[in-house]
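Every number in this text was worked out from the coordinates using simple rules, so none of it is lab data. These figures come from a predicted structure and were not determined experimentally. Glycine also receives a Cβ, built like all others from the backbone with ideal geometry; neighbour counts cover every protein chain displayed.
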Amino acid sequence: MENSSAVSSIILSAYFGMEDLKYLYFSIFLILYIAIVAENVILIGVIYTEKTLHQPMYFLVCNLAANGLYGSTALLPALLKNVASHPSEVSLASCRTQIYCIHTYAIVEFTILGVMSYDRYVAICHPLRYHTIMSLTKVYKLVAFTWIYPLVAFLIFFIITLQLRFCDKTIDKLYCINYLLIKLSFCALSSKESKLKALRTCTPHLFAIINYFVGCYFEILQSRFDTSHLPYRTQVFMSLYFLIFPPILNPAIYGLSIQAIRVKLLKLCYNKNRILSIQ
């Protein structure tokens, strides 16, 4: 196990299996990267130069292409370098930078697709008011939102990762991702006893989450879909679960599983029984 204060680089062990055909892999990834860059740059160029395409939907498509360039550049140049080099070791700073870029790329992609869905909704449901609702000013704000929100939101979350110290330096993947980097800091959970203790500590909370999730699922199911074909008692059970079972099960889950609460409850029951026996 590496000293947690000494880890300054990360080994991406998945590259070791590519050693025999590394020139073939390098050529394939290079061609893919050139194709991605060419396609997206051409699309952005056409939308930018053609005045008739200066419409909300095409601006969003342009941003989707820009995000494609951002994501592929976060991955493929580093991947090409690692395929060509040996051993496949990157600095911790480079690994963290790649994590931030890849994860924000994914969030931006979902955000842009969400805004594009809203644009299509307005075009279909409010065609006469489309240009009023989707004005250029609003489109610019939406585009800014699709980039600023993911970049800031993930940064707030990623600050926790930046503060971690690591006791191992090997990730079995071709690129760095946040979860696997965090796993390298799990020095204290290395023993079986520690893992079981962590599981016991989290079990009540997991049960409470599952219980609440089931209630939410039943509520959404009844609100969004026709459940009239189900038996009457099943419908009643599903409609009442959300409001009855979490409140009635949560005290039992936490009261019986958390030792500090369980001891107090048992002590209280014991004292009560003792008083009744004396009377």
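On the basis of the beta-carbon distance and an R0 of 22 Å, Ser223 and Ser117 show a calculated FRET efficiency of 0.60.
Run the Debye formula on the Cα coordinates of the range 9-183, all scatterers equal and no solvent, and tell me log10 I(q)/I(0) at q = 0.16 1/Å. Each listed q corresponds, in turn, to -1.00. Scanning the chain for GluC sites (Glu not before Pro) lying in DSSP loops with no more than 12 further Cβ atoms inside 10 Å, the longest uninterrupted stretch between such sites is 51-279. With the simple model of a label 7 Å out from the Cα in the direction of the Cβ, Cys269 to Asn250 spans 2.2 nm.
The dipole here belongs to the chain: it is taken about the Cα centre, uses +1 on the Cβ of Lys and Arg and -1 on the Cβ of Asp and Glu, and is about 1400 debye. Here's how it looks for Thr170: its modeled amide H is under 5 Å from those of Ile11, which are all 5 or more places away or on a different chain.
In this simple spin-label approximation, Ser13 and Ser91 carry label points 7 Å from Cα along the Cα→Cβ vector, and these lie 2.5 nm apart.
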